[in-house]
Amino acid sequence: MNKLQNFTKGFFKENPVLILALGLCPALAVTTSIENGLGMGMASTAVLIGSSTIISMLKKFIPSNIRIPIFIVIIATFVTIIDLTLQAFIPSLSESLGLFIPLIVVNCIILGRAEAFASKKSVLNSMIDAAGMGIGFTIALVLISAVREFAGTGALLGFPLFQLMGIEGFKGSIMMILPPGGFLTMGLILGFMQWNKIRKAKNTGGK
Amino acid sequence: MGNIIKLSAILFFVAGIAAGSLAFYNSITKPEIAKLKAKNEKIARAYVLQGLFTEDQMSTLIYEEGEIDLDGTKEKFWKVKTSETGQYKALVFLAKGMGFSGVVETMIGTDLNFKINGIKVLKHTETPGLGAEVLTKKYEDIQKHGDNAKPFFEGWFAEKSSLKVVVVNDDLNSKDKVQSITGATITTRAVCKSINKYAELVQKQMGNMPRQLVIDQAQVVAAPKDAILKARAEAAAKAEAQKNTVVTEDTPEGGKDE
């Protein structure tokens, strides 16, 4: 697999949320608005790149018996650094993501990539993989949150589209912002991805 | 056995490095976070006092910090005076209450009778679309006031007594009732109850101080602790003397010359 494929595979082909079904908890919890989805995606990407790089660098020195606790310590360190950085320099994002930043520690995408990829491959490849997967995670979050924000409040990125167009009275369906809306949106998007995959396989098989 | 010690040592070493680097990074961000917090607190205090003072006065307000004791934890409140007259004019305090999905923190500005001038929701983790409406600004307000538009929820509290403010569902007859946000009575109730609770504690704290301290505190500023203690002792002595007087006044003879 060349480096470009390694980078782009996380976008759609092996998207952590939409295909691998990893990291579903934050994907359901914070995707109430695009701003939150984007912030969470970027914070996770930063942690993913940092931890994958360090783990790949140290892979020869980490005894396999205690690799998981060591991975978690490294990941937790990066998460704390990101948390402190957001609190100090981007407080508005820190406030809106709240508890979900510390919870990146237990996001299975990060431990998953550390275990499945970074602990086996070279530093450069691990970084590229982490960046690709992080971007894929961000794409999935933004996609889900765009649907939920629009259906739930009639706004996109905080702009009330309907009111700006002069259409009064659109209230949005609050359910879409609440947990059921998250499950519904994610189910529909996952379903669409699978349907698309099967359709493509059939088409290429037909040829 | 040797293996266990070796693995423990490695884990200890890794955790040590992680802790060290975090301590270093914390030392960089800590002053920034503290600065930001102080700045936000200052902005919030000015926000909840809007309208009580003229603009000139606003820039020279003196905030004197006090503490209330909430089941062992100390919480801050401020007594506010203008630098011109040196008389206390307002109070600012924080209130925290358990909402639907977490703590809702508000800052409240009141006059000395605990009548609310303004409130500001500082922090919450309520459900978007329901409890999170506490921060929603109405579209027409944004059109009218632009960036100065305030969340509609905050407006409901103006002129209500912070000691008595209550959700309308709980007490229809109260003159200090506020509506509850549709679908978020728990959040509204949490805000009202926390304001009541903290206002009461501030009142108690103020009550502990001799009355003259609230009205005239010129020396208190110079040496707050000593002066408070001295003033307290004086007030206690005076109260005791008055009590005695009342008793003697009851008797037909004697005490009249007092």
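In plain terms, if you count all Cα to Cα distances in the stretch B:52-139 and split them into 5 Å steps from zero, the share in each step is 3, 13, 18, 20, 16, 13, 11, 5, 1, 0 percent.
Structural descriptor for chain A: relative contact order 34 percent, calculated from alpha carbon pairs under 8 angstrom and at least 6 residues apart.
Take each residue of peptide B:132-140, count the partner chain Cβ atoms within 10 Å of its Cβ, and average: the result is 1. By other beta-carbon atoms within 10 Å, ranking B:Phe153, A:Phe7 with the fewest at the front produces A:Phe7, B:Phe153.
Taking each of B:Lys30/B:Lys89; B:Lys81/B:Lys137; A:Lys59/B:Lys30; A:Lys121/B:Lys6; B:Lys120/B:Lys164; B:Lys39/B:Lys89 in turn, the alpha-carbon distance tops 28 angstrom for B:Lys30/B:Lys89; B:Lys81/B:Lys137; A:Lys59/B:Lys30.
Label sites at B:Lys76 and A:Ile68, each approximated as a point 7 angstrom past Cα along Cα to Cβ, lie 4.4 nm apart. A simple spin-label model places the labels of B:Ile17 and B:Asn40 3.4 nm from each other, with each point 7 Å out along Cα-to-Cβ. If R0 is taken as 30 Å, the Cβ-Cβ distance between A:Leu156 and A:Lys3 corresponds to a FRET efficiency of 0.30.
In the protein assembly as shown, inverting the average of 1/r over every pair of distinct C-alpha atoms gives 26.6 Å as the Kirkwood radius. In summary, the helical segments of chain A meeting the span-like criteria, namely a full DSSP H run, a Cα extent along the axis of 24 angstrom or more and a mean Kyte-Doolittle hydropathy of at least 1.6, are A:67-89. Arranged from fewest to most other beta-carbon atoms within 10 Å of their beta carbon, B:Tyr139, B:Tyr198, B:Tyr25 become B:Tyr139, B:Tyr25, B:Tyr198. Protection proxy ranking for A:127-133, A:169-175, using the average of other Cβ atoms within 10 Å per residue and placing the highest first: A:127-133, A:169-175. Dividing the mean sequence gap of close Cα pairs (under 8 Å, 6+ apart) by how many residues the stretch B:49-208 holds gives a relative contact order of 19 percent.
Given a Förster radius of 45 Å and the C-beta distance between B:Phe24 and A:Lys13 as r, what FRET efficiency does 1/(1 + (r/R0)^6) yield to the nearest 0.05? Taking R0 as 45 Å, the efficiency between B:Phe24 and A:Lys13 is 0.70.
Values quoted throughout were computed directly from the atomic coordinates according to the rules given, and no laboratory measurement underlies them. Please read all numbers here as calculations on a predicted model, not as lab measurements. Cβ sites come from the backbone with ideal geometry, for glycine too, and all protein chains shown count toward neighbours.
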